[in-house]
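First up is the structure itself, then whatever we jot down about it.
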Amino acid sequence: MKYTRITALAAIGVAATLSLTACGNDGSGKDSSSKGSSSSSSSSSSSSSSDGASKSQGGGSKSEGGSQASNAKSDSGEDTAAGAGAANGTTNTGGKVTFCKTEDLAIDAVDAAPDENSGRINITMINRGSTTCSATGFAGVNIKDADNTSNPIERGHAQPRITTLKPGDAAVFNLAYDIDNSGDSLSDPTDIQVTPPNETHTVSLKWPASAGEIKGAYTDVEVYPTHTTE
């Protein structure tokens, strides 16, 4: 009987020990699961923050690109405005003036050859109007020959300069050609027909009597843009 009682007590003790061990394992399992969940949440949060930072940086880069594009557009706009100003008679101080009218200009042509081989005729335009005007650009020029033909003159390779004339101011442009000293020139000019820049009305001037004869054809004569006499 005593042996039986000891055996029973031992069995109860073993059962109790197993019960406590099982409880400990359950608690440990729960703690591990909680830690795993916390770790997963932390990893997800870190990933989200990293993605957000990356997107933010990307957005910053896009904004910077937009700023550069805006600056380029602004620069381009300024260049375009400057070009348009020269074409439309805008002064370099920003004030806008109208183009000079033929009727407001006193126009004259004189021989200005620098030597016996280089022909040059200076054509001067004086603003006789009451307001400031622009004579910027190339004048249209035809040379009339003794046979009554009219020959258009080509433009020389030069860039127009802003030529703004206050009342009384003068602008000048010139015709350039080579002088024929052989006495065999086929050209016999009598008149110079001038249309001021951006105008449609023409004036006819006498070919200067002292000007040298033209070497070659009228197509060898060139007209250059206006500039002020100052």
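The values are calculated or read from the model by the stated rules, or taken from the named source; none is laboratory data. Every value quoted in this text rests on a predicted model; they were computed, and no experiment measured them. Using ideal geometry, Cβ is built from the backbone for each residue, glycine included, and neighbour counts are taken over all protein chains shown.
Odds and ends about this structure:
- The conditions of being surrounded by fewer than 17 Cβ atoms within 10 Å (Cβ to Cβ) and modelled with pLDDT of 95 or more are not met by Ala113.
- Note on the stretch 121-168: among residues that are assigned to a loop (DSSP other than H, G, I, E, B), touching a residue at least 60 places away in the same chain (Cβ under 8 Å) and of a type in the set (S, T, N, Q), the one that is farthest from Ser187 (Cα to Cα) is Thr163.
To keep it simple, each residue is scored yes or no on (1) among the β-branched types (Val, Ile, Thr); (2) modelled with pLDDT of 95 or more; (3) in contact with a His (Cβ under 6 Å, 6 or more places away or on another chain); (4) on the phi > 0 side of the Ramachandran plot.
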position	(1), (2), (3), (4)
Arg155	no, yes, no, no
Thr164	yes, yes, no, no
Leu175	no, yes, no, no
Gly183	no, no, no, yes
Pro189	no, yes, no, no
Gln193	no, yes, no, no
Pro196	no, yes, no, no
Lys206	no, yes, no, no
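- Residues located in the stretch 126-143, provided they are surrounded by fewer than 17 Cβ atoms within 10 Å (Cβ to Cβ) and under 28 Å from Asp220 (Cα atoms): none
- Residues in the stretch 189-230 that are part of a strand (DSSP E or B), touching an Asp or Glu at 6+ places or on another chain (Cβ under 9 Å) and of a type outside the set (D, E, K, R): Pro189, Thr190, Ser204, Leu205, Ile214, Val223, Thr228.
- Leu186 meets the stated requirement of being more than 36 Å from the chain's Cα centre (by Cα) and either farther than 16 Å from Ile121 by Cβ or without any contact (Cβ under 8 Å) to a residue 12 or more places away in the chain (or both).
- Boolean, Tyr224 is touching a helix residue (DSSP H, G or I) at 6+ places or on another chain (Cβ under 8 Å), of a type in the set (Phe, Trp, Tyr) and surrounded by 12 or more Cβ atoms within 10 Å (Cβ to Cβ): no
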